[in-house]
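Written below as structure tokens is the structure these notes are about.
Throughout, read-outs are computed from the coordinates displayed, never taken from laboratory work. Given the structure is predicted, the values throughout are model-derived calculations rather than measurements. As a convention, Cβ positions derive from the backbone with ideal geometry for all residues, glycine included, and neighbour counts pool all protein chains shown.
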Amino acid sequence: MLDQAGSVFLADCPTRLAIEILSDKWAVLVLHALRDRPRRHTELIELIGGVSRKVLTQTVRRLQSYGLVERVPLNGRHVDYTLTELGRTLDEPIEALTRWAREYGPAITDFQEAAPRGPE
């Protein structure tokens, strides 16, 4: 990979992988949910509104494949999911996005509501 301005546009730029991970709304929510403590699959379902069991399982597996989440078997019957050290490095960027959304989310909603609608 070239180390120059614009390298983000190259297919093998690590920035593109980071954007791919963070652009998955369920991934960001799972990472955020695991930031304080490990959680079981059922806890994540209850905490994250709107995600199905199947999609949550797929999301957790994808995060495991990136090395961001670890599956920790407990007493043979239960499993906890926890952030890895690498996963913890996303705490700050996700918190920054959360702050931005809290501050500017209402302005986006206002804009969308005021925007003219297409032909009906």
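Since only Gly76, Ala114, Ser52 are under comparison, the one whose Cα sits farthest along the positive direction of the charge dipole of the chain, derived from C-beta charges on Lys, Arg, Asp and Glu, is Gly76. So if R0 is 30 Å, what FRET efficiency would Thr57 and Leu22 give, r being the distance between their Cβ atoms, rounded to the nearest 0.05? Efficiency, rounded to the nearest 0.05: 0.90.
Separation of the range 35-78 from the range 86-120 is 24 Å, based on Cα centroids. Each label was represented as a point 7 Å from its Cα along the Cα-to-Cβ direction; for Ser65 and Ala115 these points are 3.2 nm apart.
Remark on Arg40: its backbone amide H falls under 5 Å from those of Tyr81, a criterion applied only to residues 5 or more positions apart or on other chains, H modelled at 1.01 Å from N. Between Thr15 and Glu46, what's the calculated FRET efficiency when r is the beta-carbon distance and R0 is 35 Å? Round to 0.05. Between Thr15 and Glu46 the formula returns 0.55. Using only side-chain charges placed at the Cβ, +1 for Lys and Arg and -1 for Asp and Glu, the dipole size of the chain relative to its Cα centre rounds to 600 debye. Along the range 17-34 the Karplus relation, 6.51 cos²θ - 1.76 cosθ + 1.60 evaluated at θ = phi - 60°, assigns HN-Hα couplings of 5, 4, 5, 4, 5, 6, 7, 7, 4, 6, 4, 4, 5, 5, 4, 5, 5, 8 Hz to successive residues, with x for each Gly and Pro. Taking the Cα atoms only, what angle lies between the long axis of helix 53-65 and the longest principal axis of the chain, rounded to 10 degrees? Approximately 80 degrees, to the nearest 10.
Stretch Val72-Thr84 to full length: gain in nm at 0.36 nm per residue minus the Cα-Cα span?
Going from the current span to full extension adds 3.2 nm.
From helices alone, the chain scores -16500 deg cm²/dmol at 222 nm; the rule is -39500 (n - 2.57) for each run of n ≥ 4 DSSP H residues, then divide by the residue total. The alpha carbon radius of gyration of the chain, expressed as a multiple of 2.2 N^0.38 Å, is 1.30. The packing ranking of peptides 48-56, 19-27, 104-112, highest mean first, is 19-27, 48-56, 104-112, where packing means the average number of other beta carbon atoms within 10 angstrom of each residue.
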